[in-house]
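Only one structure is covered here, and it is reproduced in the block below.
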Amino acid sequence: MSKPDIRGSHGTPPIRDRNSGRNWAHAIIFFSFLGLSFALKAATPPNVVFILTDDQRSDAVGYHPKPLLGIKTPNIDKLAQEGARFSNMFVTSSLCSPSRASFLSGTYAHTHGVRDNFTDYPRQLQSFPMLLRQADYETAYIGKWHMGEDDDSKRPGFDYWVTHKGQGKYYDTTLNLNGKREVVKGYYTERVTDIALDWLQQRKPGRPFALVVGHKAPHGPFIPEPKYENTYQHVRVPYPVSGFNLKSKPQWVTERLDTWHGIYGPLYGFREDFPDRSAEAMLDFERFVRAYTATINSVDDSVGRIYQHLAKTGELDNTLFVFSSDNGFLMGEHGMIDKRTMHEESIRVPMVVRYPRAIPAGTVVEEQVLNIDLAPSVMEFTLGTEMPSAQGLSWAKLAMGKATKWRESWLYEYNYESQFPYTPNVRGVRTDRWKYTQYPHGDGGPLRHMEELYDLKNDPQELNNLANNPAFRQRLKSMRRMLAEQLAASGALPDKMPIDEGIKEALPEESIR
C-alpha cells in the first residue's frame, strides 16, 4: 500500500525524514496498514476521549522535568507512563477559541476563520467529532466550548451536548444540559466530570464513542477547590528573571507592564491597587501563581475518575485517551501575564496520549507537534483514513515510535483584539533551533515594532533578542523568508488582520475576562 501524503491538502512545508537527518470495516485495513501486532484483536475502532484544559502551560504537570511549583499530577502522569508524552507540543494561535477550533478541525485560524474569542466555530466546517459521528460513533461534548461567546446551543457533530455561555464560573455555572438550561451547583471541574461519567454510564453499549471534555481550569480568575487552596502556601514564587530582562525587546513589551496583561497590573484581580512595582507586590504575584496551579490538581482528579471508569467497564485499553490544553500561559516571563504572544511559555502546552494497542508505554515524542495535528491523528487511529481538509499532520507513527517524515518549521499567528489591546498582531515561524517573530501593523505597510529573533539552543529562555545584531543579519533574512513561505503555503495570503491600535491601559469588560 502506498504511503499517505503527509503534507495535508494545503501542503504544509517543509518536512524531513526522521531517521536520515468510514466505518468500522476500515479498522482491519487500517491495522494492517500500520503493521501492528494487535491487528486482529480489535473488532471495532477505538473510542476517543479528549480532555482539554484552558490556559495550562507545559510545565504545569507533574511529569515535566521542572514542574511548576512542584505540582503533582499522578493521573495525568499515569497516562504519560502508559502511553506517549509530547515534549514539544505547541499551538499555532495562543488564544482559546482559535486554538480550540484548530484542535477540532486540523486547520489554522486563517483557514477556519475563528480568529478571536468572539467568533463561533463554522457550522459547516469539518471536525473530527463530526466525521466520527458520520461513521456511526456516538459523540458528546461536555464542558467549556468557548467559541461563540453568547451562544450555548448545540453544535453539529455531537449527539449529546453540555456547555454554557462565555467563560463559565468555578461555582454554580448555568449549563445547557442537552437542551435544558439550569444552574448546576458545585465546583465546575467536579460537576463536569460527574456529567461526563453519567453519559458514559448511560450510553448504550455496542457503538464506539467519542467524548470531548472541556475544563474551565486553569483559566482565571483562579478559584481552587477548598481541599487544594493551601497546597502551595509553602512555595516561594519570585518574579522570573526574564521579567526584568527587557532591554532587547520591542517597546510594546515595556508599555504593557502596567496593563491587564502586565506583571505590575491587577493580576486578574489578585492585586487590588495597581500598577504596583513595590517589593510587597510580589506577594500578590505569589497568590496568583499558587491559585492557578491549585486549580490543576482538581483537573488531575477528573482525569483519574474518567480513567477508572473506563478501566472498570473494560473500555480503557480500547480508548485513544488524549489530554492537552488550548494554550500556554505566561507567569511573569518577559514582564507578561496571559498568553497571545509567541514566547515559549505562551505557545507550549502539555499533551499525553494513551492507547496501548498501538502506542508503547513510556514513549517520548520530541518532534514539534501542533494543535492542528490532533484531528488527522484521531482519524488515522480510529477509521484508518486521512482527513483531506486538515492542514496538520498525523502523529500516529511518531507515537508508535515508527520512522516517518516530519515538519522542520511551522507558522504562528495572532490577531490584535480591541477588547484586549495589550498585544499587537503577531506572525512568526519556529524551527527546532530558531524562532522569528514580527508584529505587522495591519495596513500592509512596513513593520513598526522591533522584530524578535532567538537562538533557542543557546537561549531557551529568550533573553537575548538577536534581531538587531549584525552577526545574525543573514539568519534574520532567512527567517523572514521562511515566514513568507509558510504564509503562502498555508493559504494565509492575502494576510488579513485588524489594525494595531496600540497598547492601552483600560481594563477589559468584566464579562469577557
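Quick notes
- Filter pass, residue 353 being touching a strand residue (DSSP E or B) at 6+ places or on another chain (Cβ under 9 Å) and within 19 Å of residue 48 (Cβ to Cβ): yes
- The helices (runs of 4 or more DSSP H) falling completely within the range 67-116 that include 2 or more residues that are within 24 Å of residue 420 (Cβ to Cβ) map to 96-105, 109-112.
- Subset of the range 403-414 (residues that are modelled with pLDDT of 95 or more and more than 17 Å from the chain's Cα centre (by Cα)): 406, 407, 408, 409
Quick grid of which residues meet (1) open to solvent by 20 Å² or more (accessible area, probe 1.4 Å); (2) in a strand (DSSP E or B); (3) modelled with pLDDT under 95; (4) closer than 17 Å to residue 138 by Cα:
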residue: 174; (1), (2), (3), (4): yes, yes, no, no
residue: 185; (1), (2), (3), (4): yes, yes, no, no
residue: 189; (1), (2), (3), (4): no, no, no, no
residue: 192; (1), (2), (3), (4): no, no, no, no
residue: 201; (1), (2), (3), (4): yes, no, no, yes
residue: 205; (1), (2), (3), (4): yes, no, yes, yes
residue: 210; (1), (2), (3), (4): no, yes, no, yes
residue: 216; (1), (2), (3), (4): no, no, no, no
residue: 219; (1), (2), (3), (4): no, no, no, no
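- Checking 236, 277 one by one, the residue that is open to solvent by 80 Å² or more (accessible area, probe 1.4 Å), touching a Phe, Trp or Tyr at 6+ places or on another chain (Cβ under 6 Å) and modelled with pLDDT of 95 or more is 277 and no other.
- Hits in the range 221-230 - residues which are surrounded by fewer than 19 Cβ atoms within 10 Å (Cβ to Cβ) and in a loop (DSSP other than H, G, I, E, B): 221, 223, 229, 230
- Residue list for the range 110-150, restricted to those being at pLDDT below 95 and more than 20 Å from the chain's Cα centre (by Cα): 123, 124, 150
- Helices (runs of 4 or more DSSP H) enclosed by the range 326-419 - at least 2 residues per element that are open to solvent by 10 Å² or more (accessible area, probe 1.4 Å), of a type in the set (Ser, Thr, Tyr) and in contact with a Lys or Arg (Cβ under 7 Å, 6 or more places away or on another chain): none
- Any hit, the range 146-164, residues being closer than 23 Å to residue 324 by Cβ, assigned to a helix (DSSP H, G or I) and either of a type outside the set (Asp, Glu) or open to solvent by 30 Å² or more (accessible area, probe 1.4 Å) (or both): no
- Cross-chain or 6+ apart pairs with Cβ under 7 Å, the range 348-371 first and under 19 Å from residue 429 (Cβ atoms), then open to solvent by less than 10 Å² (accessible area, probe 1.4 Å) and hydroxyl-bearing (Ser, Thr, Tyr): 349/324; 349/325; 370/92; 371/92; 371/99; 371/102
- Here is the figure for the range 430-465: residues that are surrounded by 20 or more Cβ atoms within 10 Å (Cβ to Cβ) and farther than 29 Å from residue 505 by Cα total 2.
- Those residues of the range 128-155 which are under 27 Å from residue 511 (Cβ atoms) and touching a helix residue (DSSP H, G or I) at 6+ places or on another chain (Cβ under 6 Å), in sequence order: 142, 143, 146, 147
- Of the residues making up the range 54-86, those that are closer than 29 Å to residue 384 by Cβ, polar (S, T, N, Q) and crowded, with 19+ Cβ neighbours inside 10 Å number 0.
- Close pairs from the range 206-235: first closer than 30 Å to residue 509 by Cβ, partner assigned to a loop (DSSP other than H, G, I, E, B) and aliphatic (A, V, I, L, M), Cβ under 8 Å, at least 6 apart: 218/60
- Restricting the range 252-285 to residues that are among the charged types (D, E, K, R) and in a loop (DSSP other than H, G, I, E, B), the residue that is nearest to the chain's Cα centre (by Cα): 256
- Being open to solvent by 40 Å² or more (accessible area, probe 1.4 Å) and of a type outside the set (Gly, Ala, Ser) holds for only one residue in 267, 283, and it is 283.
The values are calculated or read from the model by the stated rules, or taken from the named source; none is laboratory data. Since this is a predicted model, take the numbers as computed values, not measurements. Because the Cβ atoms are built from the backbone with ideal geometry, glycine has one as well, and the counts that use them run over all protein chains shown. Ligands, DNA and RNA are stripped out before the accessible areas are found, and what is left, the full protein with its side chains, is counted by its heavy atoms. Shrake-Rupley method; radii C 1.70, N 1.55, O 1.52, S 1.80 Å.
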